[in-house]
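S.K.: Quick one: structure below, then a few questions.
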Number of protein chains: 2
Amino acid sequence: MLLVPAGDSVIKVSVPTLRDVAALAGVHPATASRALNPDTRAMTSADTADRVIRAAEQLRYRPNTVARSLRTARSSSIGVVVPDLTNPLFPPIVRGIEAALAPRGYALLIVNTDNNPAQEEQLVGSLRARSVDGLILATARLSHPLLETLAAGDLPVVLVNRRREGLPLPCVIPDDAAGIGLAVAHLAQLGHRRIAHIAGPQDTSTGVARLRAFRAAVQEHELAQDKALISQCGSWSEAQGARALRELLDSGMSFSAVIAGNDMLALGCYDVLGERGIVCPDDLSVVGFNDMPFVDKLRPALTTVRIPHHELGAEAARLLLGQMKHFQRQEHSVLMPVELSVRQSTGPPPAASPGPPPAGGPGLAG
Amino acid sequence: MLLVPAGDSVIKVSVPTLRDVAALAGVHPATASRALNPDTRAMTSADTADRVIRAAEQLRYRPNTVARSLRTARSSSIGVVVPDLTNPLFPPIVRGIEAALAPRGYALLIVNTDNNPAQEEQLVGSLRARSVDGLILATARLSHPLLETLAAGDLPVVLVNRRREGLPLPCVIPDDAAGIGLAVAHLAQLGHRRIAHIAGPQDTSTGVARLRAFRAAVQEHELAQDKALISQCGSWSEAQGARALRELLDSGMSFSAVIAGNDMLALGCYDVLGERGIVCPDDLSVVGFNDMPFVDKLRPALTTVRIPHHELGAEAARLLLGQMKHFQRQEHSVLMPVELSVRQSTGPPPAASPGPPPAGGPGLAG
DNA sequence: CTGAAAGCGCTAACAG
DNA sequence: CTGTTAGCGCTTTCAG
């Protein structure tokens, strides 16, 4: 700490260090360190601890976390890897992570990969170089070299909203099967017999799980099982959702409802409805997945599977804390409960008659 | 770097350090450091540099940023302070910041204040303890003790989406006056004579600037100037926007259009439209500000003032870089251009006659 | 152009 | 309970 004269007093120019605190308290820096750290305070006498703490306050001492990190090889920071923060699904998850970690003194280094594997490698590398104490990944794919590297290393890692079997990586995911089950049951109960599914990328666990659940639920409810009622998307994007619905419509298949793999895909469906003058839910019911913020503001408000975004993040953070504490890692999925948010985008199918609507689209001419 | 035997070869257990690279290249660590750092590479012979770089690659050496930070007193990380990442306005701004800083090796520590000053103080404290090289604040208020503290310190700081006069803090803000001017002009041209304004918090620069601009524009266009057509909000929240519109409607004032201080307030207006069966834009036109992601998906799609979110963040980051480079700071506002995104929430006023619509609401009975 | 030496601020062994 | 000592991994003087 550098002091310079200013008039008849002195002002400090640089930030006070532990040495300064120790000097003021009349103890050795090591003792000051012990007194200031709650975990080691018991090693000092109450009197000493008191003097040191008072000195620290007087100097407005703030421990230099960088120095501490270098010494302890722990940085009290966590890397959070998401595809894109502007996708409204992720901010609530991030806030859940923050809520669980900030009280314990961790800071979040957030990076966006834009689903670019090369960029992801690079970003994760930069996070490791900053010696983050752990990593929360929302970008896991089923075939993902990086995950294998991470699984082989000893940095604590938790996956959120994605699982990856066969590797010792814990994950926190929504109950995809239950969610799709609820969606299909809801539509079946409304009278829908021919339901289409716009499936998400099959290199993501959610894409696969939801498609599989869709097939199972359709069978269970004895609804139309037709391969042509399923359209797959290459990414979880609005554009892909739109493309998929267009293809379904153009294929001439008849269906009165569509379950999109997630809300972004459902948003794409909405675009097509507008384009083609299809009225939702009168002509076509639409269901999404995730209950992203603001889908309740759409018109018609989107019926979707609600997942506990915040809790997903918080639980992932808790798993990470456990992992950092116990140095053990294992494949372990936490399934978060979901529910169906029924809104205006679903209603009875257009034709009250039990027969299928005419071909050429969802009950529409042409 | 620790090596342990594994069969007839060895595997490395710990991460390689500069010493290891130097040893492999047969030079002193200091030389290796110089060779690896582009800025000091010229101090080494091409041959040495080559050998060192090759050794680093071979060992997959990654410099330890923490050690570097301790030595250089720069952390290559930047603190980003936002009210709430789940407000869709902020993710694009954050991505703009990231886009400008990540290529230069900076990582982002993002914190959410929830508009809680105490929490904000604490979080900024924790960022400083992590010796961030600079701070980008999206939370500035007009009366804000923290800003004065920061302005007095020597940590580079830039404000984004908010300005604060009287302190040497550069800021990047949208052209609020121009935006409101465009909105009023658009409505005036559609034939509106009585326009209401739902003003944002008057302790924020944007709240003040937009209200002032509204008054000026209304006068310029010779529209109804009535204090009772202005309702103020305590926060930029949907709930406050709804409350404000309800009060305007209940006051019995007549108006055919409302300009909300931002899109969150406009969203609150939409809630009230639903509640009261008011048809937008037939009964009431609504304009927002910010063009938050997804407001184009509302029905009716929201007419709003588009601000360049990404550029706002990127420009703030650039100003910060300049500040970090030149150690100089000054009050300096960068005004970002805006434009009006005309969508379906605005249309001609309900009464084609030039006279004001009947009292009791925006052209509605009761 | 390269090596030696020092030290950023902190904590953890080890003595006493 | 407290002081001494050492060193985390890097960069930057200062010599040579």
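S.K.: Over the Cα atoms of chain A, what radius of gyration and what Dmax do you get, in Å?
M.R.: For chain A, the Cα-based Rg and Dmax read 27.3, 96 Å.
S.K.: Follow-up. Positive end of the dipole of region A:73-172, charges at C-beta (+1 Lys, Arg; -1 Asp, Glu), about the Cα centre: which of A:Gly166, A:Ser76, A:Ala151 has its Cα farthest in that direction?
M.R.: Among A:Gly166, A:Ser76, A:Ala151, the one farthest towards the positive end of the dipole of region A:73-172 is A:Ser76.
S.K.: Less than 15 Å Cβ to Cβ from B:Gly252, Lys/Arg counted +1 and Asp/Glu -1: what total charge do the surrounding residues give?
M.R.: +1
S.K.: Looking at the square roots a ≥ b ≥ c of the eigenvalues of the Cα gyration tensor of region B:81-145, which shape do they give, rounded for a/c under 1.5, prolate if a/b is larger than b/c, or oblate?
M.R.: Because a/c hits 1.5 or more and a/b fails to exceed b/c, region B:81-145 counts as oblate.
S.K.: Here is a further query. B:Pro145 label points, 7 Å along Cα→Cβ, one per copy: pairwise distances from this copy to the rest in nm, shortest first?
M.R.: 5.4
S.K.: Given charges of +1 on the Cβ of Lys and Arg and -1 on the Cβ of Asp and Glu, with all other atoms neutral, how large is the dipole of region A:176-302 about its Cα centre, in debye to the nearest 20?
M.R.: The calculation lands at about 160 debye.
S.K.: May I pose another question? Looking for one value pair here: nearest-to-axis residue in chain A (by Cβ) for the rotation onto B, and the distance in whole angstrom.
M.R.: Residue of A nearest the axis onto B, distance in Å: A:Arg299, 1.
S.K.: Where Rh is the Kirkwood radius over the Cα pairs of region A:67-200, the temperature 20 °C and the viscosity 1.002 mPa s, what D in µm²/s does Stokes-Einstein return?
M.R.: 128 µm²/s
S.K.: Additional query: Distance in nm between label sites at A:Ala239 and B:Glu148, each 7 Å beyond Cα in the beta-carbon direction?
M.R.: Using points 7 Å along Cα→Cβ, the separation is 5.1 nm.
S.K.: For region B:205-272, what relative contact order do you get, as a whole percent, if you take Cα pairs closer than 8 Å and at least 6 residues apart?
M.R.: On the way: 58 pairs, mean separation 23.2, N = 68.
Reported as a whole number, the value is 34 percent.
S.K.: Relative to the other copies, what are the label-point distances for A:Ser14, with labels 7 Å from Cα along the C-beta vector, expressed in nm at one decimal and sorted shortest first?
M.R.: So the label point of A:Ser14 gives 2.8 nm to the other copies.
S.K.: Shape call for the protein assembly as shown from the C-alpha gyration tensor, a ≥ b ≥ c root eigenvalues: rounded (a/c under 1.5), prolate (a/b greater than b/c) or oblate?
M.R.: oblate
S.K.: Let me ask something additional. How large is log10 of I(q)/I(0) for region A:176-302 at q = 0.15, 0.16, 0.22 Å⁻¹ when the intensity is taken from the Debye formula with one equal scatterer per alpha-carbon?
M.R.: One equal scatterer on each Cα of region A:176-302 leads to -0.59, -0.68, -1.41.
S.K.: Check cross-link reach from B:Lys297 to the aspartates and glutamates: straight Cα distance under 12 Å, and skip same-chain residues fewer than eight apart.
M.R.: Qualifying aspartates and glutamates at Cα under 12 Å: A:Glu238, A:Asp271, A:Asp296.
S.K.: Would you please name the trypsin sites (Lys or Arg not before Pro) within region B:21-84 that are DSSP coil residues with at most 10 other C-beta atoms within 10 Å of their C-beta? Numbers along the way, then the final one.
M.R.: On the way: sites: B:Arg34, B:Arg41, B:Arg51, B:Arg54, B:Arg60, B:Arg68, B:Arg71, B:Arg74; in loops: B:Arg60, B:Arg74.
Passing both the DSSP loop test and the Cβ count: B:Arg60.
S.K.: Follow-up. If each label sits 7 angstrom from Cα along the C-beta direction, how far apart, in nm, is A:Thr72 from its counterparts in the other copies?
M.R.: In nanometres, ordered from closest: 2.5.
S.K.: Which Cα, out of A:Pro29, A:Thr86, A:Ala67, lies furthest along the positive dipole direction of region A:10-123 (beta carbon charges, K/R +1, D/E -1)?
M.R.: Ranked along the dipole, the leading option is A:Pro29.
S.K.: Ok, one more. What FRET efficiency comes out for B:Ser45 versus B:Gln330 if R0 is 56 angstrom and r is the Cβ-Cβ distance? Round to the nearest 0.05.
M.R.: Once rounded, the FRET efficiency stands at 0.80.
S.K.: At most 13 other Cβ atoms within 10 Å plus a DSSP loop assignment makes a site exposed; report the longest stretch of chain B without any exposed GluC sites (Glu not before Pro). Could the numbers behind the result be given before it?
M.R.: Details: sites that count: B:Glu165, B:Glu222.
After excluding every exposed loop site, the longest remaining stretch is B:1-164.
S.K.: For chain A, with only Lys/Arg (+1) and Asp/Glu (-1) charged at the beta-carbon, what is the dipole magnitude about the Cα centre, in debye rounded to 20? Kindly include the intermediate steps, with their values, before the conclusion.
M.R.: Details: 35 positive and 35 negative charges, 232 e Å.
That gives chain A a dipole magnitude of about 1120 debye.
S.K.: Same structure again: In peptide B:58-66, how many Cβ atoms from other protein chains are near each Cβ within 10 Å, on average?
M.R.: The per-residue average across the peptide is 4.
The numbers here are math on the coordinates, done by the rules we state, and not lab data. Worth saying up front: this structure is predicted, and the values here are computed from it rather than measured. So basically every Cβ, Gly included, is an ideal-geometry build from the backbone, and we count neighbours across all protein chains shown.
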